[in-house]
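A short write-up of the structure that comes next.
The values are calculated or read from the model by the stated rules, or taken from the named source; none is laboratory data. Predicted model, so just to flag it, every value in this text is computed and none were measured. With ideal geometry, Cβ positions are generated from the backbone for all residues, glycine too; neighbour counts draw on all protein chains shown. Please note that ligands, DNA and RNA were not included when accessible areas were found on the heavy atoms of the full protein model with its side chains. Shrake-Rupley method; radii C 1.70, N 1.55, O 1.52, S 1.80 Å.
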Amino acid sequence: MRKPFLFLLAVLLTHRLSAQTKTPADYVNPFIGASTSAAKAGIYHGLGKTFPGATSPFGLVQVSPNTITGGDNGPGYSYEMEYIEGFAFTQMSGIGWYGDLGNFLVTPATGPLQVTAGRHPQFGKGYRSHYSKNDEVAKAGYYAATLTDYNVRAEASVAPHSGMLRFTFPKNDHSRIQIDLARRVGGTSVEQYVKVVDDHTIQGWMKCTPDGGGRGNGAGHANYTVYFYAEFSKPLKNYGVWNAFIPDGQSRKLEAIQSAHYDSLVSKARIIREVKEQQGKHLGFFTEFATADKEQVLIKSGISLVSMDGAKLNLLKEMPDFDFDKVHQQAKELWDRELSKIKIDGGTTDQKTVFYTALYHTMITPRNISDVDGGYPGGDGKEHHTQKYQRRSIFGGWDVFRSQFPLQSIINPNVVSDEINSLVDLADETGRNYLARWEFFNVYDESMLGNPAGVMVNDAYQKGIRSFDVEKAYTYAANTTKRFGYGDPGFKIPGNDISQTLEYSFAAWCISQMAGSLGKKDDAAYYLSKSESYSDVFDRDKGWFRPRNTDGTWRPWPPDGRLRQDYGTTESNPYQQGWFVPHDVDGMVALMGGREKTLADLTSFFEKTPKTFMWNNYYNHANEPVHNVPFLFNRLGAPWLTQKWVRIICDAAYQNAVEGLVGNDDNGQMSAWYVLASSGIHPFCWGDNRYEICIPVFNRITYKLNSKYAKGREFTIVAKNNSPTNTYIQSATLNGMPYKRSWVSNAAVMAGGTLELVMSDKPNEKWGSDK
């Protein structure tokens, strides 16, 4: 009887030890959100649109499987698709509008050379392959899959500026690694160059312009060049290029490159063997060799947005040899270091997985585009160098000012500072003298609305993050508002649309706050008056916000009223957008008929929301305009309702599943909301230095603070008696002293200490009700 008992005890101890030794990176599941499926989302926007491939924290390089070229397929991958076309070294995360990148597409293959992906079988089988879902693996810094058409096991890992692929081939006399240099998500690169440097190395570049589609199918104005310096573990003995003739005038945008006609052009590409150097409009490179059974062949490449020399330097610095396992281990260590900036205790395994994956997704963008020597591409098309900050790119401002940058201001204030420096210098380099709303590799694509960079600049400044040219940042933020929102002779938003008016009113308040802090009294008064313009689009007869015509008259009221999508609003309806007056809740409430009426309407807004929180006409967590609305209950003196709904959203809208994000992750915004909300704090009004207290999912959450910006070392939130049913706060203490506010200041967080919340299954309507 003793042996079974000892065996069971050993199993239990082993399981417990394994759980104790699990690191934050071990909880990351990059498959969460890795779907673009419009069918599963119920809306063309799709689901999370994250990618499962290998990346490093804020790194330039992402080595990820690409399942399709074309469509609204920003990450290059969607879990339900049955083919892998190859493994690209650059990807975007969580974005729609067709996406971009997906450059340097590497595919292992066997058999005859194929030069098209295979979307139109009449032009050949194609180089893409079915792959097995049974052994597909995605971890922080690592990805692997078996390409079943070739029986090749592919593994990927990365460093910040370089990537490595390890292919395990079967026995075959015609094995190959091929690189589609023209390939690009949502289009094609328009010109490529490749040179054989020696018997193991190639270098070159891919030029991507709006003529080749990409972001917004060209409407995003993306214009960049990706440089590479790649080495193979097996000598280049039988190699060559394919060069397709693309006639002048032939469209290179999305609808063209998806067509059978375009594939017919590529299928006729010249195969040129043993060529040392080639430049063209549609190039690919290949190297062929015989392989023994289970022979491993590797390729590694440095990537740069500056030059081939920069790509070479990046590779030699980060990957001096072909030790794949070492690269993988170092990538995991990087992730463990970064993810350890927030420690959680309690919660289920699934909840921990959702949390650390969300935190992981917040650390992909804004990525560092500086080379290892500090070189970066400027907005003037020239190479620049600095050691003062890391140049960052991909700023989806309208999304990320809400949760992503507030989160980074706590755990990575240097990232916030870098981003502001990057936007300010970009404004200088381009001569535009205003800040980008949406920036992608130095391009102002002008998508979305508002002045999110100005919001971020003020929020950072008020929090003491000021490692940038403050005067210039203020001037450019003000210039942005003048250019797009409020400039002389005054209000100039076309059509007085609701979304435009409310977003610019709030941005004007932010500029007013910063002007006041800088002693600019006239500016402060001017922008404060403009911040009240939200009331210009409130129809007192209808009791809600309503768009006007350019002559000031009201636009016709639709049969479904404020539920009508895009009725004076952007990616929302008036009911959703109308709650966005974070800087003047009292004024908004007065317009809406007083506190009780407003509270009843807000409660109904949430109660009519589908339990799945998928795309809908009420609280639409799948998109950003409503992301601060659950915390409005705190401002209305009903914090128990913030507590109730935040926990419901955390439990229902975030799952440990491919469909685990109800909407596009949008450069980490959707994930950042969860990280903050599930830890018990989230901003409502950016720039007022206040975090609204909600309900932690976990028993204890500890934020590590940056000593350059914070007086304390850690800020801890403790939820006593926490459970799935105890979702209401009964009482609180801050550093041992009774605490009755439903919010905590940024200063208190940065000072370090402990906020302790006592939980119960019944609301305490007295605690925190004094707004």
Rolling a 1.4 Å sphere over the protein heavy atoms, what is the accessible area per residue of segment 398-463, to the nearest Å²?
15
Scoring only Lys, Arg, Asp and Glu (+1, +1, -1, -1) among other residues with Cβ under 10 Å from the Cβ of THR480 yields +4
Cα-based helix-to-principal-axis angle, 669-679 vs the chain, degrees rounded to 10
50
So what's the projected area for segment 52-206, the Cα convex hull averaged over all directions, in nm²?
9.5
Out of PHE405, ALA292, GLN390, whose Cα points farthest toward the positive end of the dipole of segment 282-409 (charges: +1 Lys, Arg; -1 Asp, Glu; placed on Cβ)?
PHE405
For segment 155-266: relative contact order, % (alpha-carbon pairs under 8 angstrom, 6 or more apart)
20
Filter on LYS133/LYS644; LYS326/LYS382; LYS49/LYS352; LYS125/LYS300; LYS49/LYS300 - keep pairs with C-alpha separation over 31 Å
LYS133/LYS644; LYS326/LYS382
State the percentage of accessible surface on the chain attributable to carbon and sulfur atoms; use a 1.4 Å probe and exclude ligands, DNA and RNA.
50
Quick check on the chain: of the DSSP beta bridges with both residues there, what percent are antiparallel, nearest 5%?
95
Working from Cα positions, state the angle (0 to 90°, nearest 10) between the long axis of helix 470-484 and the longest principal axis of the chain.
90
DSSP loop GluC sites (Glu not before Pro) in segment 67-129 with at most 14 other Cβ atoms within 10 Å of their Cβ, which ones?
GLU80, GLU82
Among 229-236, 533-540, how do they line up from the highest to the lowest mean number of other beta-carbon atoms within 10 Å?
229-236, 533-540
Per DSSP, the loop-located trypsin sites (Lys or Arg not before Pro) within segment 654-753 having at most 15 other beta carbons within 10 Å are LYS708, LYS711, ARG713, LYS740
Can you tell me the 0 to 90 degree angle between the C-alpha axis of helix 521-530 and the longest principal axis of the chain, rounded to 10?
90
For the chain, what relative contact order do you get, as a whole percent, if you take Cα pairs closer than 8 Å and at least 6 residues apart?
12
Could you tally the net charge around GLN513, taking each other residue with its Cβ under 10 Å from the Cβ of GLN513, Lys/Arg +1 and Asp/Glu -1?
-2
If we sort 569-580, 748-759, 502-513 on the protection proxy, mean other Cβ atoms within 10 Å, highest first, what's the order?
502-513, 569-580, 748-759
Enter the accessible area per residue of segment 633-686 (Å², integer; probe 1.4 Å; all protein chains in place).
14
Helix-only mean residue ellipticity at 222 nm, the chain, DSSP H runs n ≥ 4 weighted -39,500 (n - 2.57), per residue, nearest 500. What is it?
-8500 deg cm²/dmol
Would you list, by chain and number, the lysines whose Cα falls below 20 Å from the Cα of LYS520, excluding same-chain residues fewer than 8 positions away?
LYS463, LYS472, LYS482, LYS530
Please give me the summed charge of the neighbours of LYS133: other residues whose Cβ is under 11 Å from its Cβ, Lys and Arg +1, Asp and Glu -1.
-4
When only Cα pairs under 8 Å and 6 or more residues apart are kept, what is the percent relative contact order across segment 60-206?
24
If the label point sits 7 Å along Cα→Cβ of ASP325, residues of segment 281-305 with amide N under 17 Å come out as 295-298
At THR201 and HIS221, where each label point lies 7 Å from the Cα along Cα→Cβ, what is the point-to-point distance in nanometres?
3.8
Find, to one decimal place in angstroms, the Kirkwood hydrodynamic radius of the chain, where the mean of 1/r is taken over every pair of different Cα atoms and then inverted.
27.1
State the extension gain, in nm to one decimal, for the chain segment bounded by LYS762 and TRP557, taking 0.36 nm per residue of separation less the distance between their alpha-carbons.
69.7 nm
